[in-house]
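Asks: Pasting a structure here, questions to come.
The values are calculated or read from the model by the stated rules, or taken from the named source; none is laboratory data. Computed from a predicted model, the values in this text were never measured in an experiment. No Cβ is skipped: glycine too gets one built from the backbone with ideal geometry, and neighbour counts run over all protein chains shown.
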Amino acid sequence: MNQIQKDWWRTATIYQIYPKSFCDSADKGIGDIKGIISKLDYLKTLGIDAIWLTPIYQSPMIDNGYDISDYYTINPDFGCMADFDLLLEIAHQKGMRIILDIVVNHTSTAHQWFKSALGNKDSEYRDYYIWKDPINAQAPTNWQSKFGGNAWALDEKTNQYYLHLFAKEQADLNWENPKVRDEVKDIISFWAEKGVDGFRLDVINLISKQQDYQNDYQGDGRRFYTDGPRVHEYLQEISDAVFNQYGSVTVGEMSSTSLEECQQYSSLDGKELSMVFNFHHLKIDYQNGEKWTETPFDFLQLKSIFNHWQQGMSGKGWSALFWCNHDQPRIVTRLGNDQEYRVESAKMLATSLHMMQGTPYVYQGEEIGMTNPGYTSIEQYRDLESINMYDIMRHQQGKSEQDVLAILAQKSRDNSRTPIQWNSEKHAGFTNGTPWLQVAENYPDVNVEQALKDENSVFYYYQRLIALRKEVAVITTGDYTDLAPEHAQLFCYRRRSDQQTLICINNYYAESVEYALPAELAVAKGKYILGNYPGLLTDDVACLVKLRPYECRVLLFEHQ
Ligand code: GLC
C-alpha cells in the first residue's frame with residue numbers, strides 16, 4: 001500500500017461543528033455537547049467520517065472560544081467533561097472520529113499564565129508571552145491586529161507592551177520559549193490520551209515571529225510572522241512528540257500562506273501535518289486584497305487559484321478542501337444564487353469542490369444549503385471583528401451606514417454562525433430559549449426536516465458526494481487539469497489516473513451554456529455518475545453537453 005492508500009483521511013469527509021450554533025439541549029439559547037450527541041445519527045446518515053469541533057474549552061468567549069482560559073476544562077456553556085467523554089464514546093461507536101481545535105498561537109488574557117505575567121516582570125509566566133518596551137512612548141511596531149487597530153497593548157504597571165495579533169484579549173504566546181512548547185505538547189497529549197483522533201491547529205503558521213520586531217512600511221506586519229523562521233522546526237517538534245505518537249490526523253489553518261510552504265507543512269512523509277487549509281480561493285471577492293468591501297467575485301481568478309493549488313499540491317502535499325467555515329460567509333450566497341437557484345447552485349458548488357484532490361470539509365448547515373441571514377442592523381451582529389470593523393468603517397473611514405451594512409451582510413463572520421435550521425418550528429428548532437444570534441428568516445423553507453423528506457434535496461446530494469469519494473478512486477489519486485481556464489462561465493476540469501478519467505463540468509451562472517467534450521473523450525465509453533438536475537443521467541455521453549442554469553455533470557471513463 002502506498003502512503004495515499006494508507007491514511008483513512010484521504011478518502012474521508014470531515015464535518016465542522018460550531019457548537020454554539022448547532023443544537024441547544026437546555027433552552028439556554030446556546031448550543032452544547034448534549035445537543036451534538038442528539039444529532040450524531042443525523043451526521044451518520046450524511047456519511048461523514050469525522051467531526052471537527054471548534055473550541056469547547058473554558059473561555060470568556062470574547063472570540064467565541066478562540067480565547068482559551070483553560071485548555072483542560074470544558075466551557076460550562078457547552079457542558080462538562082463527562083458530556084465530552086460521552087460524545088467521544090458514542091461518536092466512536094457510530095464510526096465517526098473526533099477532531100478538536102487547538103488554539104496555541106495565543107491564549108485568553110484570562111488564562112492563569114497571562115494573569116500571573118501581567119504587571120509582574122518576575123512572574124515565571126512572563127516569558128510565555130511577547131513583551132516589548134515602548135518606542136518613543138508608542139507601541140513597539142506599527143503592526144495591525146487582524147481584527148483592526150494596533151497589535152500591541154500596554155501593560156501599564158510594567159510599561160511594556162504585549163503582542164496580540166487578534167483581539168487584545170488574545171495575547172500571543174512566545175514559542176521561542178521551550179516551556180511554552182512543552183505546555184503545548186502536554187495539552188495535546190491530554191486530549192489524545194482521552195482518545196481524540198485529531199487536531200485542527202488554529203492560525204498555526206503565525207507561531208514563529210521574526211525576532212527583530214521591525215515596523216512594516218509596506219503592509220500590516222504579517223510578513224514578519226507569517227510562515228515565520230522557525231515554524232517548520234516547531235511543527236516537526238510537536239509532531240514527533242505527540243501527533244505521530246498517537247497517530248493523530250492534523251489540519252493546520254494557514255493564514256496568507258504560499259504553495260511552497262504548504263507543500264512542506266503537509267508533505268507526504270508526515271513530518272509536520274496531515275493537511276492544510278489555505279484561503280486564497282476565498283479572497284476572490286476582495287477588492288485589491290481588502291476584505292471589507294462589497295465586491296463581486298472574480299471567476300477566472302477563482303479557477304486560476306484552484307489550478308495553482310491542485311496542481312502544485314499533487315504528489316507533494318495534501319489540501320483540506322472547503323468553501324465554508326465559521327469565519328466565512330455562506331457559499332451559496334457568496335458564489336451561487338440563494339434565491340432562484342439555491343438548490344441547483346448549492347449542489348453545483350459542492351460538486352466543483354468535492355471532485356478535487358484533498359479532504360473535503362462540510363461546515364454545519366452547508367449540507368442543506370443554508371444562506372447568509374441578510375441582517376439589516378448592526379444590533380443583529382455579535383462577532384467582535386464585525387463590530388470593530390463597523391466602528392472603523394463608520395467612524396474612521398466615514399462610510400455611510402447603508403454601505404457598511406451592505407459590506408457586513410456580504411462579509412461578516414456572523415453570516416455563517418446563525419443557528420442551524422433543524423425544522424420549521426420556533427427558532428428553527430435550535431433552542432426553546434432565545435438564540436444568542438438570530439436565526440435566518442428562511443428557516444421555514446430551508447431546514448433539515450424538510451431536506452430529509454425531499455429526495456432531491458441538497459442533503460442527499462452531499463450524501464452522494466461523500467459516498468462517491470470512497471467509490472471512485474480517481475477522485476483521491478488522479479492528476480488535475482483545467483480543460484477551459486479562460487471560459488467565462490464554465491469550470492471544467494479533468495482528473496486522471498492510469499485506470500480512470502473523471503470530467504467535472506460546472507456552470508457557475510444562471511445562463512445556459514454548451515460545452516464540447518475534448519475530442520478523445522467524445523468517442524470513449526463513459527457514463528454520467530452525477531448531476532444536479534433530476535433525471536437525465538444516461539450512459540450515452542453526448543459530445544456536446546448542454547448545461548442549464550448552475551448545472552453540473554460528472555462523467556467517468558474507465559480505461560480499457
Ligand atoms: C482563526 C479562527 C477564528 C479566530 C482566529 C483567532 O482564524 O478560525 O475564528 O478568530 O483564528 O483565534
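Asks: Among the residues of the stretch 428-449, which ones are over 23 Å from ILE378 (Cα atoms) and not polar (S, T, N, Q)?
Replies: Hits for the stretch 428-449 are GLY429, PRO444, ASP445, VAL446, VAL448, GLU449.
Asks: Give, as residue ranges, the helices (runs of 4 or more DSSP H) completely inside the stretch 378-485 that count at least 3 residues that are under 30 Å from GLN357 (Cβ atoms), within 16 Å of the ligand (Cβ to nearest atom) and over 25 Å from the mean Cα position of the chain (by Cα).
Replies: Numbers: elements: 384-391, 401-411, 448-453, 458-471, 474-477.
Because the criterion is at least 3 residues that are under 30 Å from GLN357 (Cβ atoms), within 16 Å of the ligand (Cβ to nearest atom) and over 25 Å from the mean Cα position of the chain (by Cα), no helices (runs of 4 or more DSSP H) in the stretch 378-485 meet it.
Asks: Okay, next question. Give the residues of the stretch 144-172 that are assigned to a loop (DSSP other than H, G, I, E, B), in contact with a Leu (Cβ under 8 Å, 6 or more places away or on another chain) and within 16 Å of the ligand (Cβ to nearest atom), sorted by residue number.
Replies: SER145, LYS146, PHE147, ALA151, LEU165, ALA167, listed by residue number.
Asks: Of everything in the stretch 209-225, what is buried (at least 21 other Cβ atoms within 10 Å of the Cβ) and in contact with a helix residue (DSSP H, G or I) (Cβ under 6 Å, 6 or more places away or on another chain)? Give them in sequence order. Break it down into steps so the answer makes sense when it comes.
Replies: If we filter the stretch 209-225 for residues that are buried (at least 21 other Cβ atoms within 10 Å of the Cβ), which is where we start, we get 209, 221, 225.
Within the stretch 209-225, just TYR225 meets the criteria.
To keep it simple, each residue is scored yes or no on (1) of a type outside the set (S, T, N, Q); (2) in contact (Cβ under 8 Å) with a residue 60 or more places away in the chain; (3) surrounded by fewer than 23 Cβ atoms within 10 Å (Cβ to Cβ); (4) within 27 Å of GLY47 (Cα to Cα).
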| site | (1), (2), (3), (4) |
| --- | --- |
| LEU302 | yes, yes, yes, no |
| HIS326 | yes, yes, yes, yes |
| VAL332 | yes, no, no, yes |
| GLY336 | yes, yes, no, yes |
| GLN339 | no, no, yes, no |
| GLU344 | yes, yes, no, yes |
| TYR361 | yes, yes, no, yes |
| THR371 | no, yes, no, yes |
| GLY374 | yes, yes, yes, no |
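Asks: So, in the stretch 258-268, how many residues would count as being touching an Asp or Glu at 6+ places or on another chain (Cβ under 8 Å) and either among the aromatic types (Phe, Trp, Tyr) or more than 20 Å from ILE14 (Cβ to Cβ) (or both)? Talk me through it step by step, then tell me what you get.
Replies: Initially, the stretch 258-268 is screened for residues touching an Asp or Glu at 6+ places or on another chain (Cβ under 8 Å), giving 258, 261, 264-266.
Narrowing the set further to residues that are either among the aromatic types (Phe, Trp, Tyr) or more than 20 Å from ILE14 (Cβ to Cβ) (or both) leaves 258, 261, 264-265.
Number satisfying all stated conditions: 4.
Here's the yes/no breakdown for (1) over 15 Å from ASP202 (Cα atoms); (2) assigned by TED's automatic domain parsing to the domain that holds SER304; (3) at pLDDT below 95; (4) touching a Gly at 6+ places or on another chain (Cβ under 6 Å):
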position: GLY252; (1), (2), (3), (4): no, yes, no, no
position: TYR265; (1), (2), (3), (4): no, yes, no, yes
position: SER274; (1), (2), (3), (4): no, yes, no, no
position: ASN288; (1), (2), (3), (4): yes, yes, yes, no
